[in-house]
Amino acid sequence: MNEDNELIKRRLEELEEIKKLGVNPYPHRFDVTHKADELIKNFTDPKDEAEIEQRKTVIVSIAGRISAIRRMGKATFCHIKDDTSRMQVYVKKDEVGETAYSIVKLLDIGDIIGVQGFVFRTKTGEVSLHSTKIELLTKSIFPLPVVKEEVTESGEKIIHDAFADVELRYRQRYIDLIVNENVKGTFINRTKIIRSLRSTLEKHGFFEVETPTLQSIYGGANAKPFVTHHNALDIPLYLRISNELFLKRLIVGGFNRVFEFVKDFRNEGIDRTHNPEFTQVEWYQAYGDYNDSMKLFEEAVEQACIAVHGTTKINYQGTELDLKSPWKRVKMVDAIKEKTGIDVLGMRKDEIILYMKQNNIEIDPKLIHSKGLVISALFEAICEEDLVQPTFVIDHPIDSTPLCKPLREYTPGQLDEMRNDPEQVIFVERFEPYINKWEVGNAYTELNDPILQRKLFEEQVERGRGGEEETHPMDDDFIRAIEVGMPPTTGVGMGVDRIVMLLTNSVNIRDVLLFPLMKPMA
């Protein structure tokens with residue numbers, strides 16, 4: 001820390017010297033004509049002396065941050081890095097002038113400069129820019145970590161003194177992006193993935209919309225919201241946990257295919273695959289069911305993978321994955337049976353709970369009132385670890401969501417009988433896609449029966465009164481929208497951050513968020 005303070009002190013002294021030379025160390029603009037990678041890629045060696053002289057008249061300009069500097073009396077070599085690549089610059093005192101070269105002698109790694117000159121190849125074979133004019137654009141006060149790269153005889157790159165402190169990298173992402181080149185690539189690929197997802201949806205006729213982030217009634221998922229207060233209206237408001245109910249309102253209003261990329265907020269834990277603020281894309285399709293959504297989901301992920309890798313096959317942390325459609329489909333109860341050999345449908349709720357106790361499988365006591373929730377908890381505890389290759393887990397207990405349509409095989413009379421028998425489980429047309437043991441989305445054949453919808457909301461409210469923390473609140477306006485009439489509809493929520501993690505080989509969700517939430521430093 002003391003060393004950093006000394007470096008900052010020296011740079012501040014240099015800043016004052018630059019000002020005394022009558023130079024503004026923070027000018028307003030600089031004309032950039034080319035990118036570094038463009039100049040390097042397009043350079044060809046001149047054929048003769050005449051061409052060499054002619055090229056000296058072709059003046060170009062680039063700008064970037066100094067990543068290395070080497071002074072040799074009246075000449076200086078430095079490397080500057082723009083947003084495409086790194087390029088060497090040669091500066092000679094006799095050619096740029098006394099004042100400009102005085103500035104060059106006061107430059108540091110991290111300073112941003114603009115350079116005009118002509119492109120040539122040095123005696124060591126490096127395409128470089130021979131400076132005819134150099135200008136300081138930004139004096140860096142805070143010193144960057146000096147990352148040294150060594151190339152072994154076998155061609156292997158070894159990085160020394162890397163900016164590797166993970167927490168510091170997340171807190172100071174601006175430095176992370178400067179010194180760790182692979183980090184920028186991750187976020188370039190993130191944009192490619194989102195662009196591909198959007199393209200796939202638009203190709204299928206989906207229309208992009210925007211819905212509120214601040215909501216007077218949160219909904220669309222079972223999750224704890226962030227709570228705030230609107231002073232002028234004097235009402236509590238919630239940060240969106242899902243945009244589902246608003247997108248369904250648009251289906252009611254006549255937008256038959258809609259989607260939205262959103263930031264959702266859930267006041268829950270943080271781990272390597274969960275962040276309180278995360279990105280989802282949700283889409284809703286009138287006149288479709290969850291089978292249609294499965295096909296579109298796998299297509300969207302497959303195309304995003306191809307957009308980044310050119311293939312459907314990836315290696316995630318040593319695990320080979322193939323995202324090519326079609327993906328495997330398995331019912332939740334069948335997955336449990338494949339894993340354990342037990343048939344939960346033929347067992348009483350207490351027998352399933354006993355089985356879990358005997359096998360040291362924990363269950364939240366607040367869930368044991370429902371056989372369906374017990375089955376879901378058993379699945380999550382023992383089956384998710386086996387879902388490595390892309391798999392749709394279909395047909396979930398109705399207790400897990402109040403927004404989904406029961407299986408079409410049930411008759412209305414049968415449903416009434418089953419609801420009156422606590423040992424009967426009603427299953428709904430819901431799927432969760434899994435890749436690499438992670439749930440990466442959620443989808444339904446949407447419930448559009450307003451009478452049943454109200455009943456299920458009321459049951460959720462009662463469960464909340466009973467102490468269950470993550471339940472769905474009543475939303476009377478949404479019920480009214482369904483009463484107006486919503487056509488048969490299917491809807492999907494895809495966890496964009498987890499898809500990005502997979503396709504960029506990132507081990508932590510914070511690696512794919514430019515500025516992840518961090519606890520303030522003491």
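The values are calculated or read from the model by the stated rules, or taken from the named source; none is laboratory data. Just so we're clear, the structure is a prediction, and the values are computed from it rather than from any experiment. Heads up, the Cβs are rebuilt from the backbone with ideal geometry, glycines too, and the neighbour counts pull from every protein chain shown. Keep in mind that these areas ignore ligands, DNA and RNA; they rest on the heavy atoms of the full protein, side chains included. Shrake-Rupley method; radii C 1.70, N 1.55, O 1.52, S 1.80 Å.
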Fully extended, how many nm does the chain gain between Phe142 and Glu126 (0.36 nm per residue separation, minus their Cα-Cα distance)? 2.8 nm
Along the charge dipole of region 219-358, Cβ charges K/R +1 and D/E -1, which of Cys305, Asn243, Ala223 sits furthest on the positive end? Ala223
Go through Lys339/Lys371; Lys47/Lys133; Lys81/Lys184 and tell me which ones have a Cα-Cα distance over 21 Å in this structure. Lys47/Lys133
Distance from region 92-150 to region 6-42 (C-alpha centre basis), Å: 9 Å
Carbon + sulfur, % of accessible area of region 1-44 - ligands and nucleic acids excluded, 1.4 Å: 50 percent
About the Cα centre, charge dipole magnitude for region 1-144 (Lys/Arg +1, Asp/Glu -1 at Cβ), debye: 100 debye
Sites removed, the longest contiguous part of the chain containing no DSSP-loop GluC sites (Glu not before Pro) with at most 13 other Cβ within 10 Å is 1-152
Provide the per residue accessible area, probe 1.4 Å, for the chain, rounded to a whole number of square angstrom. 51 Å²
Backbone HN-Hα couplings from phi across region 340-345 [Karplus 6.51/-1.76/1.60, Hz, Gly and Pro as x]: 10, x, 9, 9, 5, 5
Note down the magnitude of the dipole of the chain about its Cα centre, charges +1 on Lys and Arg C-beta and -1 on Asp and Glu C-beta and zero elsewhere, to the nearest 20 debye. 1720 debye
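Which entries of Lys263/Lys455; Lys324/Lys405; Lys92/Lys123; Lys41/Lys92; Lys35/Lys93; Lys9/Lys105 show an alpha-carbon separation above 19 angstrom in the structure shown? Kindly include the intermediate steps, with their values, before the conclusion.
Numbers: Lys263/Lys455 30 Å; Lys324/Lys405 28 Å; Lys92/Lys123 16 Å; Lys41/Lys92 24 Å; Lys35/Lys93 25 Å; Lys9/Lys105 17 Å.
Cα-Cα > 19 Å for Lys263/Lys455; Lys324/Lys405; Lys41/Lys92; Lys35/Lys93; rest within.
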Amide H of Glu429: which non-local residues (sequence gap of 5 or more, or other chain) have their own amide H closer than 5 Å, using H built in the peptide plane? Lys405, Leu407, Thr445
Tell me, how many Å apart are the Cα centres for region 489-513 and for region 352-425? 26 Å
Between the residues Asn256, Ile499, Leu168, the Cα farthest towards the positive end of the dipole of the chain, that dipole coming from +1 and -1 charges on the beta-carbon of Lys, Arg, Asp and Glu, is from Leu168
Quick check: at a probe of 1.4 Å, how many percent of the accessible area of region 290-436 sits on carbon and sulfur atoms? 46 percent
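In a shell of Cβ-Cβ distance under 10 Å around Pro397, excluding Pro397 itself, what net charge do Lys and Arg (+1) and Asp and Glu (-1) give? Before the final figure, lay out the partial values.
On the way: positive: Lys371, Arg430; negative: Asp395, Asp399.
So the environment of Pro397 carries a net charge of 0.
Leaving out ligands, DNA and RNA, what percent of the accessible area of region 132-271 is carbon and sulfur, probe 1.4 Å? Provide the component values of the computation, followed by the final result.
Values: 3960 of 7530 Å².
About 53 percent, which is the carbon plus sulfur part of the accessible surface.
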Taking Rg and Dmax of the Cα atoms in Å as the quantity of interest, determine which of [x] 29.9, 95; [y] 23.7, 83; [z] 25.0, 80 was computed from the displayed structure. [x]
Using amide H atoms built in the peptide plane, which far-off residues or other-chain residues are under 5 Å from Thr84 H to H? Ala36, Asp37
Each residue of region 87-94 in order: what ³J(HN,Hα) in whole Hz does its phi give by Karplus 6.51 cos²θ - 1.76 cosθ + 1.60, θ = phi - 60°, with x for Gly and Pro? 9, 7, 10, 10, 10, 10, 4, 5
Selection from Met72, Ile103, Ser85 lying farthest towards where the dipole of region 63-107 points positive, charges on Cβ: Met72
Mind putting a number on the dipole of region 259-340 about its Cα centre? Charges go on the C-beta only, +1 for Lys and Arg and -1 for Asp and Glu, and I need it in Debye to the nearest 20. 320 debye
Can you give the accessible area of His79, probe radius 1.4 Å, in Å² rounded to 10? 30 Å²
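If you add up the charges near Pro487, with Lys and Arg at +1 and Asp and Glu at -1, over every other residue whose beta carbon is less than 14 angstrom from its beta carbon, what do you get? All intermediate terms of the calculation are to be shown ahead of the outcome.
On the way: positive: Lys248, Arg249, Arg257, Lys405; negative: Asp289, Asp292, Glu446, Asp449, Glu483.
With Lys, Arg at +1 and Asp, Glu at -1, the neighbours total -1.
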